[in-house]
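The values are calculated or read from the model by the stated rules, or taken from the named source; none is laboratory data. A quick note: this is a predicted structure, and the numbers were derived from the prediction, not measured. Cβ: placed from backbone, ideal geometry, glycine included. Neighbour counts: every protein chain shown.
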Amino acid sequence: MYYDVVIAGGSVAGLVCAREIAANKNSVLVIEEDYEIGTPEHCGGLVSITGLEELGVIPFRKTFEHMIESAEITAPNGNSFTINSENQKVVEINRRELDKQLAHQAQKNGAEIKVKTSFQEITEDGIRTNKENIDCKIFVDARGVSSLILKDRTGILSSAQYEIYADWIKKGKVEVLFDQKRFPGFFAWIIPSGDGKGKVGVAGKRINVVETLEKLLDEKGNYSTIRKIFAPIWIKGPIKNFINGKTVIIGDAAGQAKPTTAGGIYSSGMGGLLAGRAISKYLKSNEPKDLESYQKQWMDKFGKEFEKQLLARKVLERLDNETINKLFDSVTPEIIDEISQKDDFDFHTGSIVKLLGIKNSIKTTRILIRGELKKLLS
């Protein structure tokens, strides 16, 4: 059996890549190890409308849940501020349905998809799956964070996310909770799917995510659990090489999720889109430079932003709860209004800089991270 391209991983990046390759009349097979496209759903499901449009997606009715109107950010001492996110046009989508919508797009273009089929190894002529050998010219690794675990565990955090029913979840209102003792190096989140339903999750360094999440849920109030997801997240930014011979790496497998939040629908999806177009050119020209253009284009678009997000992560990881509380006390209505009116959900380092670089907090932060802050502000 021969295909021009075989893609391992049937999530956003892999399916967008398949769609683009098949659109250029190349034969492409997507293999997905799980029994269903869109399962398991690891993602919180937040993405901007502009990001979806750039990926070539107008959400189906089943895909679109609702618009996010605000984000409440809470400090360790319980103080909080709320950002109005209406101008950022952030939507909460059903990731299972989004993946199925992308699978439909890929299939309509001519791609084939097989579930319960897992990648085993690269062979001389292609790859071996758990079922058969498949010959191909290009192999695309879109298997997600699992591809990175054996390469570098220092960029991995454990996370847990429960989908629940709870009357304290409000439609349109995202919540983010910072506490370096409870969620060291990361945060907890509440993402609504509607009134009384949503996803609550935690991640952090060297913590028991189940105990931490269930303690948080008990503090919040009554709830009923619909679904539990446990998955590693990657926070170390893009890997060095997206291309290794005839293997092309995309999405979470290439570290294309945001270092600050581990969100990656848009940035990983763009990895799939740019890779798919570069592979299509390469299949026609057989010129390595056409294949290599994928990494350059992705880095041109996201490289500087991700570099700043990594610096912002270093800053935030070195702040203790007392300093975080002081930062929150320094947030002014003018700063909140500026973030609400002008900032970009997909390129959000500017928001972090504004929150760090205000009033007396900038002096404290300079002492903590010296040259790293200067790079972030440059």
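Evaluate the stretch 92-108: report whether one residue or more is under 24 Å from residue 23 (Cβ atoms), among the β-branched types (Val, Ile, Thr) and at pLDDT 95 or above. Looking through the stretch 92-108, none of the residues is under 24 Å from residue 23 (Cβ atoms), among the β-branched types (Val, Ile, Thr) and at pLDDT 95 or above.
Filter the stretch 246-262 down to the residues that are farther than 17 Å from residue 147 by Cα and either among the small types (Gly, Ala, Ser) or out of contact with any helix residue (DSSP H, G or I) (no Cβ under 7 Å at 6 or more places or on another chain) (or both) and list them by number. Of everything in the stretch 246-262, just one residue is farther than 17 Å from residue 147 by Cα and either among the small types (Gly, Ala, Ser) or out of contact with any helix residue (DSSP H, G or I) (no Cβ under 7 Å at 6 or more places or on another chain) (or both), namely 261.
Exactly one residue out of 293, 280 is without any contact (Cβ under 8 Å) to a residue 60 or more places away in the chain, hydroxyl-bearing (Ser, Thr, Tyr) and crowded, with 16+ Cβ neighbours inside 10 Å: that is 293.
Mind listing just one residue for me: the one in the stretch 133-160 that is among the acidic types (Asp, Glu) and more than 30 Å from residue 190 (Cα to Cα) and, of those, farthest from the chain's Cα centre (by Cα)? This residue is 135. Candidates 102, 98, 29: the one that is surrounded by 19 or more Cβ atoms within 10 Å (Cβ to Cβ), more than 30 Å from residue 135 (Cβ to Cβ) and assigned by TED's automatic domain parsing to the domain that holds residue 280 is 98. Does the stretch 68-82 contain at least one residue that is in contact with a helix residue (DSSP H, G or I) (Cβ under 8 Å, 6 or more places away or on another chain), farther than 30 Å from residue 189 by Cα and polar (S, T, N, Q)? No, every residue in the stretch 68-82 fails to be in contact with a helix residue (DSSP H, G or I) (Cβ under 8 Å, 6 or more places away or on another chain), farther than 30 Å from residue 189 by Cα and polar (S, T, N, Q).
You will find that of 24, 77, the residue that is out of contact with any strand residue (DSSP E or B) (no Cβ under 9 Å at 6 or more places or on another chain), in contact (Cβ under 8 Å) with a residue 60 or more places away in the chain and not assigned by TED's automatic domain parsing to the domain that holds residue 145 is 77 and no other. Out of (1) outside the structural domain of residue 262 (by TED's automatic domain parsing); (2) crowded, with 22+ Cβ neighbours inside 10 Å; (3) touching a Gly at 6+ places or on another chain (Cβ under 8 Å); (4) touching a residue at least 40 places away in the same chain (Cβ under 8 Å), what's the single condition that is false for residue 163? Here residue 163 meets the rest and fails (2). Of everything in the stretch 54-82 that is within 21 Å of the chain's Cα centre (by Cα) and in a strand (DSSP E or B), the residue that is modelled with the lowest pLDDT is 65. With respect to (1) over 29 Å from residue 35 (Cβ atoms); (2) under 23 Å from the mean Cα position of the chain (by Cα); (3) charged (D, E, K, R); (4) not in a strand (DSSP E or B), the lone exception for residue 124 is condition (2).
Would you check if residue 16 is touching a strand residue (DSSP E or B) at 6+ places or on another chain (Cβ under 6 Å) and under 16 Å from residue 269 (Cβ atoms)? So residue 16 fails the test. Say whether the condition of being under 25 Å from residue 278 (Cα atoms) and in contact with a helix residue (DSSP H, G or I) (Cβ under 9 Å, 6 or more places away or on another chain) is met by at least one residue in the stretch 38-46. The answer is no; no qualifying residue exists.
Given 140, 145, which one is surrounded by 18 or more Cβ atoms within 10 Å (Cβ to Cβ), modelled with pLDDT under 95, in the same structural domain as residue 267 (by TED's automatic domain parsing) and among the hydrophobic types (A, V, I, L, M, F, W, C)?
145
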